[in-house]
Each structure stands twice: as structure tokens, then as C-alpha cells.
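Since the structure comes first, as C-alpha cells, the remarks are kept for the end.
Every read-out reported here was derived from the displayed coordinates using simple, explicitly stated rules and does not represent laboratory data. In this text the structure is predicted, and so the values were computed from the model without any measurement. FYI the Cβ positions are ideal-geometry reconstructions off the backbone, even for glycines, and counts take in every protein chain you see.
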């Protein structure tokens, strides 16, 4: 399959935008972990039951993982922080290389 140059640039731009959105979500999540942002006050759990009694039992016995508590750090940075750094850096690198390629 062969794309035109415009289509390739558009798809590259969309990929960079999607990666940047992932980075923005990482910034928000890291901010929630650092208590900068409040975060969501309600949590939901996916369940496989349609019976109300079984549904209640599944929800009440589901393990609770809080989004505002750090689960793991690598080199002193949370995973949400790494997501922000790598995603935003990757999106910026894609944008720079794409713009540099257009000039050549």
C-alpha cells in the first residue's frame, strides 16, 4: 500500500497527537499522585454478572487500587510520570523530525 506524501504526513501528525494526548493524561495522573489535582472521586469496576446480588458481591469483594497513591517508582519517578516524559518527548521528537523532513 502506497500513501501520498500528504497522507503520510497527516497520519504521522495524528500519531504524534495521540502520543501527546497519552502524555497529557500522564501529566494529569502524575499530578493526582502528587496531590496537585484532585482526581476522580468515584471509581467503577467492570463486572461480568447481570444478577444484582452477584453484582453487589463482585463489587464489594473487588480489590481497591487507588489512583492517587503511587504504586511503583523507577529512578524516583512514578510510572505516570514516565508516561508523561516519554510520551511528550516522543511526540515532540516526531514533530521535529517531521518538520525537518518537510524542509529537506
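Take residue 22 and residue 10, extend 7 Å from each Cα along the Cα→Cβ direction, and tell me the distance between the two endpoints in nm.
Output for this residue pair reads 2.3 nm.
Please give the FRET efficiency for residue 100 paired with residue 75, using the beta carbon to beta carbon distance and R0 = 41 Å, rounded to the nearest 0.05.
Taking R0 as 41 Å, the efficiency between residue 100 and residue 75 is 0.85.
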